[in-house]
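The values are calculated or read from the model by the stated rules, or taken from the named source; none is laboratory data. This is a predicted model, so every value here is computed, not measured. Note that each Cβ is placed from the backbone with ideal geometry, even for glycine, and that neighbours are counted across all protein chains shown. The protein model used for the area step is the full one, side chains on, heavy atoms only, and it has no ligands, DNA or RNA in it. Shrake-Rupley method; radii C 1.70, N 1.55, O 1.52, S 1.80 Å.
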Amino acid sequence: AVPQGLLRLARRSGQLNLAGRGLTHVPEHVWRINLDTPEEAQQNLSFGAADRWWEQTDLTRLILASNKLQSLSEDVQLLPALTLLDVHDNQLTSLPSALGQLENLQKLDVSHNKLRSLPEELLQLPHLRSLLVQHNELSQLPEGLGQLLSLEELDVSNNQLTAIPTSFALLENMVRLNLACNQLKELPADLSAMKSLRQLDCTKNYLETVPPKLATMASLEQLYLRKNKLRSLPEFPSCKLLKELHAGENQIEMLNAENLKQLSSLCVLELRDNKIKAVPEEITVLQKLERLDLANNDISRLPYTLGNLPQLKFLALEGNPLRTIRRDLLQKGTQELLKYLRSKIQDDGPGPNEEPPVTAMTLPSQSKVNIHAITTLKLLEYSDKQAAEIPEAVFDAVGANPVATVNFSKNQLREIPPRLVELKDSVCDISLGFNKISSISSELCLLQKLTHLDLRNNVLTALPEEMEALKRLHTINLAFNRFKVFPSVLYHLPALETILLSNNQVGSIDPVQLKGMDKLGTLDLQNNDLLQVPPELGNCENLRSLLLEGNPFRTPRAAVLAKGTAAVLEYLRSRIPS
């Protein structure tokens, strides 16, 4: 039984904590606490402030954790004011469907139980911000979980999940997502739509790769990929805020210098227990790195420039076949080791009359162009400089070197740099995002090897028909521009696999022409002005990811969109007039 004193207190405070009381069921008077006249009403005739039972507060927080409950009564619906319900650490095998009526619920903790499924009614909770279901026996999640649009924290770790619903793409307010200790073999690329996600934990699954689209998660700060089956470190070109990357206990064999350069904010890089053979010189671009764990790999030599990392406080190297560093030095700790590495740089330094070499560490003030990147990585980079035009010296530095990738993003460019045409024999990936470009010049249309073109966050309203010459283009990013119509030239680019056109003002699309685009797998039209979705779009059966949220059309409704691309296409096909 629950002591009357506790109930009295709960009526005043709106909070009832019954944790750790050995309860096998919840007494009925707990569910009816706000309905029944309290006992003290019968006996208490003094009207002191503390005893005004009729001024009771609705119960908003109910904690039933660490008991022996095997089920919860449907009477939970008698507590409609609940904002927190905590039943973790019990023996629940199912949840009552009445939970769906607790429309004020903000946090639900059902972790450490024996749940095999979650009731569909759970998806009706409009204000739910935190859902904790870790350590249960779930083999799948409700397909419509994406309807919980307020969700900021979801922990489904330590279950038996083999897949993630595609509707997760709708959870744009999600900040923390824990998928650790499941049986996931892949992550859906749609996770990239979680624009607020700061922490993603995928520890201990069966992941062999990470979808390239995850690299667009601009808010991501912590990523845990430990204990998977990764063979290489994923690329993160847009994750400018990523501070911690944990990828230990995988099968990573090499560190790609290009990938490292994208991780400029990284403070923690944990790569222990892999098969890494070498550390590239470019590790020194990680100027904010505080912890670097490379223990138990196959590293035989280190770049001495590692000693120049200004913030590095912890460096783990034990369990590597290092030839140049004595074991007793490793045992003296990080600072001694860094001092030794710095001393070796001096020994190897240039003679008195030699020019210091231009390296990936040369500061922009010393050299406008990263020659090392051009020669070894085929990368021409002049980004984040807020420059109105690209200096001639940047193009002059290319010389006869083939350049595959150009990054001129985050400047103040108003036009496509005309000298790009000089790279037409080799360039295949161009990033001109975050500029002020208002039109595409004919020079760009001469770059016939182009496969990736990133023009997001400019002021474009149209694309020239001459772009039809870009027969190899398979990804184009036009998000955050000013297109009012779908650029018709895109219909004539047969190799296109991905069109990203979100956050424009596009009012219509031509489903017949889209059906002719055999390779198109991803079409992102979120946040445009589509007043209707043509049913014939359902015939585009090659589409694996169709994103339409944030448009003013009435149908398909949000509930259909939440079910994912296949369901939307099927719905549209069912609407085609026969």
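Here is the figure for segment 69-116: residues that are open to solvent by 10 Å² or more (accessible area, probe 1.4 Å) and aliphatic (A, V, I, L, M) total 5. Restricting segment 220-240 to residues that are modelled with pLDDT under 90 and assigned to a loop (DSSP other than H, G, I, E, B) leaves a set whose member that is most open to solvent (accessible area, probe 1.4 Å) is 235. Taking segment 309-323 as the range and being over 13 Å from residue 295 (Cα atoms) and surrounded by 12 or more Cβ atoms within 10 Å (Cβ to Cβ) as the test, the residues that pass are 309, 312, 313.
Taking the criterion of being free of Cβ contacts under 8 Å to residues at least 40 places away in the same chain and open to solvent by 50 Å² or more (accessible area, probe 1.4 Å), the residues of segment 511-528 that qualify are 512, 513, 515, 516, 518, 527.
Restricting 298, 347, 273 to residues that are modelled with pLDDT under 90 and among the acidic types (Asp, Glu) narrows the list to 347. Total residues in segment 164-179 satisfying the condition of being modelled with pLDDT of 95 or more and open to solvent by 10 Å² or more (accessible area, probe 1.4 Å): the figure is 4. Looking across segment 451-497 at every residue that is surrounded by fewer than 20 Cβ atoms within 10 Å (Cβ to Cβ) and β-branched (Val, Ile, Thr), the one that is nearest to residue 423 (Cα to Cα) is identified as 451.
When segment 14-29 is filtered for residues that are small (Gly, Ala, Ser) and surrounded by 14 or more Cβ atoms within 10 Å (Cβ to Cβ), the ones remaining, listed by number, are 14, 19. Residues in segment 264-275 that are surrounded by fewer than 21 Cβ atoms within 10 Å (Cβ to Cβ), assigned to a loop (DSSP other than H, G, I, E, B) and among the hydrophobic types (A, V, I, L, M, F, W, C): 267 only. Step by step: first the residues of segment 419-436, then only those that are closer than 22 Å to residue 501 by Cβ and charged (D, E, K, R), then the one that is most open to solvent (accessible area, probe 1.4 Å). Which residue is that? Per the stated criteria, the residue is 436.
Quick one: which of 502, 488, 508 is polar (S, T, N, Q) and in contact with a strand residue (DSSP E or B) (Cβ under 7 Å, 6 or more places away or on another chain)? After applying the criteria, what remains is 502. Going through (1) part of a loop (DSSP other than H, G, I, E, B); (2) touching a helix residue (DSSP H, G or I) at 6+ places or on another chain (Cβ under 8 Å); (3) acidic (Asp, Glu) one by one, residue 298 falls short only on (2).
The criterion of at least 2 residues that are within 15 Å of the chain's Cα centre (by Cα) is met, among strands (runs of 3 or more DSSP E) falling completely within segment 115-198, by 153-155, 176-178. Against the list (1) over 29 Å from residue 532 (Cβ atoms); (2) part of a loop (DSSP other than H, G, I, E, B); (3) among the charged types (D, E, K, R), the condition residue 456 fails is (1). Residue 439 satisfies every condition listed in (1) closer than 30 Å to residue 537 by Cβ; (2) open to solvent by less than 30 Å² (accessible area, probe 1.4 Å); (3) of a type outside the set (D, E, K, R) except (2). The lone criterion from (1) under 16 Å from the mean Cα position of the chain (by Cα); (2) in contact (Cβ under 8 Å) with a residue 24 or more places away in the chain left unmet by residue 106 is number (1). Scanning segment 252-263 for residues that are at pLDDT 85 or above, in a loop (DSSP other than H, G, I, E, B) and open to solvent by 50 Å² or more (accessible area, probe 1.4 Å) turns up just one, 253.
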